[in-house]
Amino acid sequence: MGTVKHILWRSLNIVPVLLVVSALTFLVGRLTPGDPIEAQFARDHTPEQVEAIRASYGLTLPLWQQYVKWVKDLFTAGGGMSIAQNQPVFDILLPNFANTLILTAAGVVICAVLGVVIGVVAGIGHRGFLDRFAMLFVQTGSNLSVYWFGLILIWIFSLRLGWLPASGMESRNGGGFGDLLAHLVLPGLSAALISTLVLARFTRLGIIQESHSDYVRTFASQGVPRRRLVAKHIGRNILPAVVNIIGLEIGTLITGVIFVESVFNWPGIGTQLVNAVNGKDYPLIQGGVILVALCYLLVNLLTDITVDALNPRLRR
């Protein structure tokens with residue numbers, strides 16, 4: 001029952017957080033200078049027509065009424081109408097958001113595999129050559145921006161070697177699942193860069209700390225092989241922390257892939273949001289932020305549940 005109450009409590013906490021995020025997003029959009037209605041319609045419409053269009057979007061209402069109308073539109077009108085595209089916001093965002101989630105999933109897999117492998121190798125070989133080499137890689141990678149790293153990957157693996165496609169989600173003639181995987185490699189690596197290094201650092205630290213604990217020393221003195229100690233005992237004890245870090249980094253990846261999409265011309269919501277910001281398309285910006293925030297909160301909730309299941313001592 002304690003676990004169920006904890007899950008319900010965490011689930012309910014999502015609601016006030018979303019309300020705060022929605023209010024801040026709404027206010028930032030409305031208080032920045034510029035008029036999207038003027039930008040979109042002033043050239044081809046009379047001032048009276050422009051004002052009528054503004055009223056049709058509810059932009060002549062008091063600020064608090066605009067906010068209430070938008071929140072209502074989230075549940076009843078597909079997030080409201082995009083000013084620039086004159087379509088329901090979620091009709092525009094959801095197909096692109098699915099592509100963003102595909103890229104995020106690729107980044108998560110790469111982050112989990114490479115981060116754990118680098119961290120384990122460095123932790124086992126603490127103060128040895130492999131540890132120093134891995135930490136040099138981590139330090140160097142930490143100083144790279146995701147945007148610049150993506151350009152390096154394109155230059156090496158696409159332009160110079162010709163091994164992988166440089167942009168898009170599929171080839172012109174299509175190619176099925178294998179073609180999708182080929183297009184995912186470079187943007188996935190770029191998106192996963194920072195998260196992989198964070199996970200590697202924490203995994204290494206966890207292995208080093210556990211290696212110096214009394215129970216590990218006892219097992220080692222009894223002749224238990226090092227590999228078995230790491231796989232069965234040390235790995236099991238650091239697993240909740242590793243899962244927690246991966247969960248936190250998923251949220252980082254969801255927001256980070258938006259920038260990666262612009263480098264690799266990936267058809268996600270990144271381009272949509274950039275265009276919406278440039279055109280001050282309030283409903284589209286707000287809808288995109290809500291989708292990303294909701295995804296981030298749900299991932300954190302699932303991570304918390306998973307960590308509790310792996311380590312009951314962490315349950316509150």
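Observations
- Over the chain, all Cα pairs binned in 20 Å intervals from 0 give whole-percent P(r) values of 26, 48, 22, 3, 0, listed from short to long.
- Partner lysines for Lys69 [C-alpha distance under 23 Å; skip if fewer than 8 residues away on the same chain]: Lys280
- For Val113, solvent-accessible area (1.4 Å; no DNA, RNA or ligand), Å²: 80
- Rg over Rh [alpha-carbon atoms, Kirkwood Rh] for the stretch 9-122: 1.15
- Heavy atoms of Met169 accessible to a 1.4 Å probe, total area in Å² rounded to 10: 40
- Loop-located trypsin sites (Lys or Arg not before Pro) in the stretch 23-118 whose Cβ has at most 13 other Cβ within 10 Å (DSSP): Arg43
- Rolling a 1.4 angstrom probe over the chain with all protein chains present gives an accessible area of which 66% lies on carbon and sulfur atoms.
- Here the convex hull built on the C-alpha positions of the stretch 211-310 has a volume of 127 cubic angstrom per residue.
- Heavy-atom accessible area order for Ser190, Ser262, Ser213, largest first, 1.4 Å probe: Ser262, Ser213, Ser190
- Accessible surface for Tyr296 stands near 80 Å², nearest 10, in the context of the full protein assembly shown (1.4 Å probe).
- Between helix 63-76 and the chain there is an angle of about 70 degrees, using the helix long axis and the longest principal axis of the Cα atoms.
- Its relative contact order, with pairs defined as Cα atoms under 8 Å and 6+ residues apart, puts the chain at 27 percent.
- For the stretch 210-226, putting each phi into the Karplus relation 6.51 cos²θ - 1.76 cosθ + 1.60 with θ = phi - 60° gives couplings of 5, 5, 9, 6, 4, 5, 5, 4, 5, 4, 5, 5, 8, x, 5, x, 4 Hz, in residue order, rounded to whole numbers and with x for Gly and Pro.
- Computed FRET value (nearest 0.05) for Ser171 with Phe137, which takes r as the C-beta separation and R₀ as 51 Å: 0.95
- Per-residue extension of 0.36 nm, minus the Cα-Cα distance of Glu48 and Val109, leaves a gain of 16.5 nm for this segment.
- Environment charge at Arg54 (Cβ cut-off 10 Å; Lys +1, Arg +1, Asp -1, Glu -1): -3
- Acute angle (nearest 10 degrees) that the helix 282-310 long axis makes with the longest principal axis of the chain, alpha-carbon atoms: 20
- For the set Trp70, Trp64, Trp155, solvent exposure ranked by accessible area (probe 1.4 Å, protein chains only) runs largest to smallest as Trp64, Trp155, Trp70.
- Formal net charge of residues neighbouring Ile124 (Cβ-Cβ distance under 10 Å; K, R +1; D, E -1): +2
- Angle between the chain longest axis and helix 129-142 axis [Cα atoms, degrees, rounded to 10]: 10
- Heavy-atom accessible area with a 1.4 Å probe sorts Tyr215, Tyr282, largest first, into Tyr215, Tyr282.
- Debye, to nearest 20: dipole size of the chain, +1 on Lys, Arg Cβ, -1 on Asp, Glu Cβ: 1620
- Counting charges near Met169 (Lys, Arg +1; Asp, Glu -1) among other residues having Cβ under 14 Å from its Cβ returns a value of -2.
The values are calculated or read from the model by the stated rules, or taken from the named source; none is laboratory data. Everything numeric in this text was worked out from a predicted model, so none of it was measured. Cβ sites come from the backbone with ideal geometry, for glycine too, and all protein chains shown count toward neighbours. Surface accessibility is based on the protein's heavy atoms, side chains included, excluding ligands, DNA and RNA. Shrake-Rupley method; radii C 1.70, N 1.55, O 1.52, S 1.80 Å.
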